[in-house]
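Notes follow once the structure below has been shown.
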Amino acid sequence: MAKLKLTLACGNYDRTRALIEGSVQPEGIDLNYLPLPPGEIFWRMLNNEEFDASEMSLSTIEGSRPTLEAFLRYLDVQGLTRRPVSIEELFVSNIRPEFLHYLRGTGEA
């Protein structure tokens, strides 16, 4: 059986160096590891979906509802969630009412 070709964009970290150097190889996967700076990874993944997988910073996407919605759709399409997830489900249920307008995207209190 042919190996799954997978492109992973992630930083050059001590904990991932074995993947970069090839001394550790995921079973059944032909891994193309792209060691890139985090900011570049986040931008390229969120704007162009350039990689099969990447590291991702929630703080990069939390300030933009459309970006967060796109990220949640991506997780669902890739089968990384059991079901579609809404933005509101990511946050604790005891959020103060005065902040709900940010989650609803209305911009109004």
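The values are calculated or read from the model by the stated rules, or taken from the named source; none is laboratory data. As the structure is a prediction and not an experimental result, all values here were calculated from the model. Every residue, glycine as well, gets a Cβ built from its backbone with ideal geometry; the counts of neighbours run over all protein chains shown.
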Just for region 63-98: of the residues that are more than 15 Å from the chain's Cα centre (by Cα) and of a type in the set (A, V, I, L, M), which one is modelled with the lowest pLDDT? V92
Kindly evaluate I20 against the criterion of being within 30 Å of M1 (Cα to Cα), at pLDDT 90 or above and aliphatic (A, V, I, L, M). yes
So is N12 outside the structural domain of A70 (by TED's automatic domain parsing), exposed (fewer than 15 other Cβ atoms within 10 Å of the Cβ) and assigned to a strand (DSSP E or B) or not? no
Just to check your reading of the model, which residue among L68, L75, L31 is without any contact (Cβ under 8 Å) to a residue 60 or more places away in the chain and outside the structural domain of I87 (by TED's automatic domain parsing)? L31
